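The next block holds one structure in the form of structure tokens; read it before the comments.
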Amino acid sequence: MSRARFGGRVAVVTGGASGLGEAVAGRLAAEGARVVVADVDGGGAERVAAAVVAGGGTARPVAADVTRRADVARMVQAAQELGGLHVLVLSAAVEVQARLGDTTDDDWQRVLDVNLKGPFVCLQQAIPVMVRGGGGAVVALGSTLGLIGQPRFAAYCASKGALVNLCKQVAIEHAADGVRVNVVAPSACETGLFARTAEQSGDAAGMKRLVASRIPMGRLGTADDVCDTILFLASDESSYLSGAVLPLDGGLAARRQ
Amino acid sequence: MRVLDGKVALITGAASGQGRAAAVLFARHGARIAVADLNEEGARETVQLVEAAGGAALAVRADVSQRADNDRMVAAAVDAFGRLDVLYNNAAVQMSGRLVDCTEDEWDRTIATNLSAIFWACRAAVPHMLARDGGSIINTASVLGLIGSEGYAAYGAAKAGLVALTRQLATELAPRIRANVIAPGAIDTPRFRKVADAMPDTAGFLRGLLENVPLRRLGTADDIAQAALFLASDASAYTSGAVIPCDGGLAALR
């Protein structure tokens, strides 16, 4: 029965070629969705789509830079060719670690472009298609760092904080159209940008232990944790939820305002 | 008591409204003021008001949506007054528009003016603050940066991003620099009047608005300036990363 949760639906996952986006694309396909795997890494998108097809699912790769309108239009077109657009997962993101004084103009602009303008462009083009199809669900990947401050993440915090409120605005604007928009805000996970950063640090195990020690549950999030939450928000199980921000952080948010 | 004696404050968007009110109030409390604005004539008028109140001020033309102007206005303040203690990022543009109607240009200008500008200004100002006695950064967000509201896709996103940036700065720049947010609600300024007057039913619009404001009145530029004075002064020496809604209780309803 869980296999049918997304039967007959088309899902678009941005940033679908790696990390959490890849995991979500696989899970949506496993539960019956036809999936558009969009990523600036076109080869990676092809690899993930091929894996879905090899597992008996339906997927289509699209090489798309979410900050480019023409790319996003091709992504939305690919969904329509698969039968519509019912679920949009905004997962594409970049992370730059730099203190305010060390954040270059290029870093700032790139982070805001990918993490904030990208979702803006995707929402703008995807939602009219969802509305024509009778509605849909958008799930954006926020971050604990969009809710609280943390040294060395000036641009990233700003982009994720803005994304949360963009999603709230859009949730209100399109509530009557049957489009729901929600945000999942994970803390550091075993998969995704944090994991990549940890690997690059030279002491991945030590860095993960340190971060985990600050989490009430004493462990990092997993790709499964994130997928479970995203699929909940993408499915009809959350049909009365919109404009919400779900912290997915092992209890960390409970320490905060 | 003069709570800003010897201090230098740079206030953006200070040619009118909340920025102008803060310039005059800060000056009455002893601060020398760099009055930055795109509107040079208005900035000069603010300087005259400051001088009439017995203070010292400098008008600086700045389009904060341009990085170089942020660098220039900070340099001008430091050149004129020898230091910088308070950076009050008050300038903003407000374009309303639903997501589907928001043009690329409106999005880019809103994000540049209301979010990137503050990044640029802080980056330029922080070394000067650290070179002396530390400092206080005050960022004007909006109640629309705290809650969702239809019709403000770009504005709401930019202001929420500013709240997040400020929290981040508060953690990063401590202990010598504090960073806080003022989140005004509906404030009776020239800009607000222009928006209200453009409504088909101005009186009805104002009535509807006030129904959602527990204090049952619009805010004034002075209401906001008083909050800014608190955040600029040592009265708030243990306050950093805070978001102070100045909205007559509006956000509390949410």
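The figures follow:
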{"read-out": "Residue A:137 being more than 12 Å from every other protein chain (Cβ to nearest Cβ) and either under 19 Å from the mean Cα position of the chain (by Cα) or over 25 Å from residue A:244 (Cβ atoms) (or both)", "value": "yes"}
{"read-out": "Filtered residues of the stretch A:123-163 (kept if of a type in the set (S, T, N, Q) and assigned to a loop (DSSP other than H, G, I, E, B))", "value": "A:143, A:150"}
{"read-out": "Selected residue (criterion: surrounded by the most Cβ atoms within 10 Å (Cβ to Cβ)) from residues of the stretch A:108-129 that are among the charged types (D, E, K, R) and at the interface with chain B (Cβ under 10 Å from one of its Cβ atoms)", "value": "A:117"}
{"read-out": "Exclusive hit being within 14 Å of another protein chain (Cβ to nearest Cβ) and either charged (D, E, K, R) or within 19 Å of residue B:161 (Cα to Cα) (or both), set A:60, A:47, A:74, A:132", "value": "A:132"}
{"read-out": "Entirely in the stretch B:91-206, the helices (runs of 4 or more DSSP H) that have 1 or more residues that are more than 10 Å from chain A (Cβ to nearest Cβ)", "value": "B:104-111, B:117-131, B:190-198"}
{"read-out": "Qualifying positions in the stretch A:130-152 - out of contact with any strand residue (DSSP E or B) (no Cβ under 8 Å at 6 or more places or on another chain) and buried (at least 21 other Cβ atoms within 10 Å of the Cβ)", "value": "A:148, A:149"}
{"read-out": "Residue A:65 being within 24 Å of residue A:193 (Cα to Cα), outside any loop (DSSP other than H, G, I, E, B) and in the same structural domain as residue A:162 (by TED's automatic domain parsing)", "value": "no"}
{"read-out": "Out of A:191, A:222, sole residue that is in contact with a Cys (Cβ under 9 Å, 6 or more places away or on another chain) and among the polar types (S, T, N, Q)", "value": "A:222"}
{"read-out": "Residue satisfying all of: in the stretch B:113-167; surrounded by fewer than 24 Cβ atoms within 10 Å (Cβ to Cβ) and charged (D, E, K, R); nearest to residue B:251 (Cα to Cα) among these", "value": "B:150"}
{"read-out": "The lone exception for residue A:150 - which of (1) within 10 Å of another protein chain (Cβ to nearest Cβ); (2) within 19 Å of the chain's Cα centre (by Cα) it fails", "value": "(2)"}
{"read-out": "For residue A:32: the one exception among (1) in contact with a His (Cβ under 6 Å, 6 or more places away or on another chain); (2) on the phi > 0 side of the Ramachandran plot", "value": "(1)"}
{"read-out": "Any chance residue B:22 is more than 30 Å from residue A:113 (Cα to Cα) and either free of Cβ contacts under 8 Å to residues at least 24 places away in the same chain or in contact with an Asp or Glu (Cβ under 8 Å, 6 or more places away or on another chain) (or both)", "value": "no"}
{"read-out": "Odd one out for residue A:102, checked against (1) within 30 Å of residue A:151 (Cα to Cα); (2) under 20 Å from the mean Cα position of the chain (by Cα)", "value": "(2)"}
{"read-out": "Extreme residue, surrounded by the fewest Cβ atoms within 10 Å (Cβ to Cβ), among residues of the stretch A:164-192 that are part of a helix (DSSP H, G or I) and more than 7 Å from chain B (Cβ to nearest Cβ)", "value": "A:176"}
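The values are calculated or read from the model by the stated rules, or taken from the named source; none is laboratory data. Every value quoted in this text rests on a predicted model; they were computed, and no experiment measured them. All Cβ positions, even for glycine, are placed from backbone atoms using ideal geometry, and neighbour counts span all protein chains on display.
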